[in-house]
Each structure stands twice: as structure tokens, then as C-alpha cells.
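The values are calculated or read from the model by the stated rules, or taken from the named source; none is laboratory data. Model, not experiment: these values are computed from the prediction. So basically every Cβ, Gly included, is an ideal-geometry build from the backbone, and we count neighbours across all protein chains shown.
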Amino acid sequence: MEADDLSRLKIDKSAKSAPPGRRRRPMLIAGAAALAVLAAALAWMGVFSPAQSVEVATVSQTYPSQSFTLLNASGYVVAQRKAAVASKITAQLLELAVEEGSRVKKGDVIARLEGADAAAARDQARANLSVARYSLDQARAELEDARVSYEREKGLLTREYTTKASFDAAEARFRKAAAGVSGAESAVKASEAALEAARVNVEYSLVRAPFDAVVLTKNADIGDIVTPLGAAANAKAAVVTIADMNSLQVEADVSESNLEQVKAGQPCEIQLDALPDKRFRGVVHMVIPTADRTKATVMVKVRFVDLDPRILPEMSAKVAFLSKPVGDGEEKPRTTINPAAVAGRNGKPTAFVIRDGQAQEQEITTGEKLGDLLVVTGGVKAGDRVVLNPPKGLKSGSRVKQAEK
């Protein structure tokens, strides 16, 4: 049965199939039409046209003070009160109470040196002072006894109840006792002075802060030998280096040719490389009355009006010398654009912003002029690249490239 069924199967060749080429033709026509539409769109967008060479500027953040800046100079932050704190004796460092960054007040103990010999000398001087005071008390008692005897002999001699020899002996004893008291008083003063000297020597074993300051560096460690001269091998001349942060000023070098634009009391604006987004108010403190012949510059010291704990000695700084003080509302930067980049469309200002190699026309909101620049309050942001003097025919989507200078 299965063999008979299989024998009945056959292919019907009476139906004619369409040629392959005739079936592909509608698909090709549709694809060609789509490509034509895409090509037309790309051509309208300027994709196939060569990139136009244009001048480019960058939208920036500009401080109002830049419009009335007379001169710029660079320099460094320097502490005007700075000290390498050391001792007046040579001894071993036993204790260090501070580290880098520690704030100290005038008179605070920074370090303690070994001073057992100075303490022993002080105790000895104190004991000597006690002995001198007891000797003075004894001399005074002797003087009082001699005075009484002298007065008695003097009265007896007047009535001729005693001899002249006895009176002379009493008078001599009285004078001797008086001299003994004077000597004892001087001995007490000498002992007091010796005790004070011993106390000073003990005080030398304590290293104290000479003024309110911040510790910049630690120059010695516990166990080091500290000496005022620092000439011995492995000896330290200073324990710590401190600086008064309230005395920070910028020392800037001004060219001799521009010195006439600088004067004491002139308002300034200070920018630190470490804090680029912050501007500090400053005032010219003094112009150093000597020039550096190697650089043809004169040092100008600029004082900070408002101190900030982030300001540190030896920071790099830039100083703008201004023609007038920074007014209210002029402390913050403004977004600015070159006026040559501003075009017009339907009576509204626009700018061509370059994105991915194409110029995109963007409506912007402008404000007042700031020097040679124009303040922008909307439409673009700092860092955007815009086309200067947009050429005729430039439109959104046009391919552009920066012109070579």
C-alpha cells in the first residue's frame, strides 16, 4: 500500500513561475527611492558639502574686575612673621607637644628639653637663698644686741659710771653689727639673683611659642640633640618652624616699566592657583624701595583684606591691580561671549554653537557689556565654542572647521 501511494506523487509542471528578476524589481525601486530621499536630506543638511572654515571663540566666565584691571603680576604667598623656634641651651629633646598644622598661642610650651642639671642648680640656689636669709636674721639680732649695749654704755659714760674703754668697745661692736647686717642683706640679694638665674636656665629647657602661630614644619624629633648653633653632627638648630597666618601677604614682582601704575593703598584682586574659582580682595601694602637688577622688577607686597584658612604660605598667586575697588555685585563671574559671535534672527540674538563638527544655531539672551565682551544670561554656557562672524549661508547643521591662523 505504501509503495502505491508513493507512486502517485508527482510534480505539477503546468503552473509557470515568475522570473526572478521580475520579483526583485519592486524592492529595488523602493530601496532606490529611500536612498534618494536620504541623500536629498543629507544634501540639504550639508553633509556632502565640504566643511566651511570659520573663526571660533569660546564662551567664558569673566569677572567684572577684569574690565578695570590696570596691571597683572604673579608672586607667592609669604608669611611676614615666621620663626624657626629653637632653644638657648644644648640638650636632648624629651617631649614635643605639637605637630605640623598645630595652632599655638604666645607662651604655649612647644617642646621640653632635658634639664636635670639646671633644676639641680635652681634647687641649690634656692637653698643658698635660705641660708642667706637666716644669716641676715642672725645679723639683725646681733645688731639689736649691740645697739642696746651701745646705748647703755653711752648713758653710763655720760654719768661717769663706766670707763671710756668699755664705751669704745660697745660702739665698735655696734658698728660691726650694722656692717654685718648690710653684708647679710647684700648676700640675700645676691642669692635672689642667683636663684632667678637658675630659674631662667630651667626655663630654657622649655621651648615656648613667641607669638600666635601655626606650626609649618617639625625640624627635630624626640631624642635629638638640640643646640643653638647646630654645628655638631646630627644636632638640630631648630625644633619647629612656625608662621603667623594673620601676617600672610602676596609678594609679587612688578616690571619696572609698569611700576608707575602701582601705589600703596591701591585695591587689588588676588587669585590663587590652588583656589582658581575664588577671588580675594587685597590692598597694596608697600612697594619695596629697591629693584632686582637681574629681573628688572620691583617687589610689591599685597595684603589680604579677607583672610581664609585655606590660604597657605608659599602658594602661587596672581595679583590684578585695579583702578577702583570691586563694588557690590561684582564679586561673582559672568558668562560672556564675543560680540562678533552674536547674529540676529527674527529680531532675536542667536549664536552658532559648534557641536560634533556642526554649527547649531542657538537663541541666546544677552545683557550688558563687560569691557570688550557681552554678558550672556541664557542659551549658552561657559566652555561652548561659537562661530565668530558667521558667514552668509551658514545654517544649523552646516559642517564647519576652525580656520587655521
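Data table
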{"item": "Positions within region 318-341 being surrounded by fewer than 17 Cβ atoms within 10 Å (Cβ to Cβ) and farther than 30 Å from Ala274 by Cα, in sequence order", "result": "Pro339, Ala340"}
{"item": "Any hit, region 286-303, residues being assigned to a loop (DSSP other than H, G, I, E, B), touching a residue at least 40 places away in the same chain (Cβ under 8 Å) and within 14 Å of the chain's Cα centre (by Cα)", "result": "no"}
{"item": "Any hit, region 304-322, residues being among the charged types (D, E, K, R), modelled with pLDDT of 85 or more and outside any loop (DSSP other than H, G, I, E, B)", "result": "yes"}
{"item": "Near pairs, Cβ below 7 angstrom, 6+ apart or cross-chain, from region 378-405 (in the same structural domain as Val59 (by TED's automatic domain parsing)) to any residue that is crowded, with 18+ Cβ neighbours inside 10 Å and aromatic (Phe, Trp, Tyr)", "result": "Val386/Phe352; Val387/Phe352; Pro390/Phe352; Leu394/Phe352"}
{"item": "Any hit, region 161-169, residues being charged (D, E, K, R), surrounded by fewer than 12 Cβ atoms within 10 Å (Cβ to Cβ) and assigned to a helix (DSSP H, G or I)", "result": "yes"}
{"item": "Tally of residues being of a type in the set (Gly, Ala, Ser), more than 16 Å from Gln61 (Cβ to Cβ) and exposed (fewer than 13 other Cβ atoms within 10 Å of the Cβ) across region 357-386", "result": "1"}
{"item": "Tally, over region 248-291, of residues that are of a type in the set (Asp, Glu) and either surrounded by 15 or more Cβ atoms within 10 Å (Cβ to Cβ) or closer than 10 Å to Val319 by Cβ (or both)", "result": "3"}
{"item": "Within region 331-376, tally of residues that are in contact with a helix residue (DSSP H, G or I) (Cβ under 6 Å, 6 or more places away or on another chain) and assigned to a strand (DSSP E or B)", "result": "3"}
{"item": "Residue in region 60-106 that is surrounded by the most Cβ atoms within 10 Å (Cβ to Cβ), counting only those that are of a type in the set (Gly, Ala, Ser) and under 15 Å from Val240 (Cβ atoms)", "result": "Ser87"}
{"item": "Residues that are surrounded by fewer than 16 Cβ atoms within 10 Å (Cβ to Cβ) and not charged (D, E, K, R), drawn from region 179-203", "result": "Ala179, Ser182, Gly183, Ser186, Ala190, Ala193, Ala197, Val200"}
{"item": "Residue among Glu55, Glu144 that is modelled with pLDDT under 95 and touching a Leu at 6+ places or on another chain (Cβ under 6 Å)", "result": "Glu55"}
{"item": "Checking Ala209 against (1) in the same structural domain as Ala97 (by TED's automatic domain parsing); (2) loosely packed, with under 13 Cβ neighbours inside 10 Å, the condition it does not meet", "result": "(2)"}
{"item": "Conditions (1) over 25 Å from Leu312 (Cα atoms); (2) under 24 Å from the mean Cα position of the chain (by Cα); (3) at pLDDT 90 or above; (4) not aliphatic (A, V, I, L, M); number of the one not met by Gln92", "result": "(2)"}
{"item": "Selected residue (only one of Arg281, Arg293, Arg303, Arg310 is under 21 Å from Gly101 (Cα atoms), not hydrophobic (A, V, I, L, M, F, W, C) and not assigned by TED's automatic domain parsing to the domain that holds Lys218)", "result": "Arg310"}
{"item": "Subset of region 128-139 [surrounded by fewer than 15 Cβ atoms within 10 Å (Cβ to Cβ) and over 14 Å from Ala190 (Cβ atoms)]", "result": "Tyr134, Asp137, Gln138"}
{"item": "For Pro228: the one exception among (1) more than 26 Å from Lys106 (Cα to Cα); (2) assigned to a loop (DSSP other than H, G, I, E, B); (3) out of contact with any strand residue (DSSP E or B) (no Cβ under 6 Å at 6 or more places or on another chain); (4) not basic (Lys, Arg)", "result": "(1)"}
{"item": "Among (1) within 26 Å of Gly115 (Cα to Cα); (2) surrounded by 13 or more Cβ atoms within 10 Å (Cβ to Cβ) - the single one Leu229 does not satisfy", "result": "(2)"}
{"item": "Test: residue in region 236-245 that is in a helix (DSSP H, G or I) and either surrounded by fewer than 13 Cβ atoms within 10 Å (Cβ to Cβ) or of a type in the set (D, E, K, R) (or both)", "result": "no"}
{"item": "Given (1) assigned by TED's automatic domain parsing to the domain that holds Glu269; (2) modelled with pLDDT under 90, number of the condition Asp328 does not satisfy", "result": "(1)"}
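Listed here are the residues, each with its yes/no results for (1) touching a residue at least 60 places away in the same chain (Cβ under 8 Å); (2) hydroxyl-bearing (Ser, Thr, Tyr); (3) in contact with an Asp or Glu (Cβ under 8 Å, 6 or more places away or on another chain).
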{"residue": "Val188", "(1), (2), (3)": "no, no, no"}
{"residue": "Ser191", "(1), (2), (3)": "yes, yes, no"}
{"residue": "Glu196", "(1), (2), (3)": "no, no, no"}
{"residue": "Val200", "(1), (2), (3)": "no, no, no"}
{"residue": "Gly223", "(1), (2), (3)": "yes, no, no"}
{"residue": "Ser247", "(1), (2), (3)": "yes, yes, no"}
{"residue": "Asp273", "(1), (2), (3)": "no, no, no"}
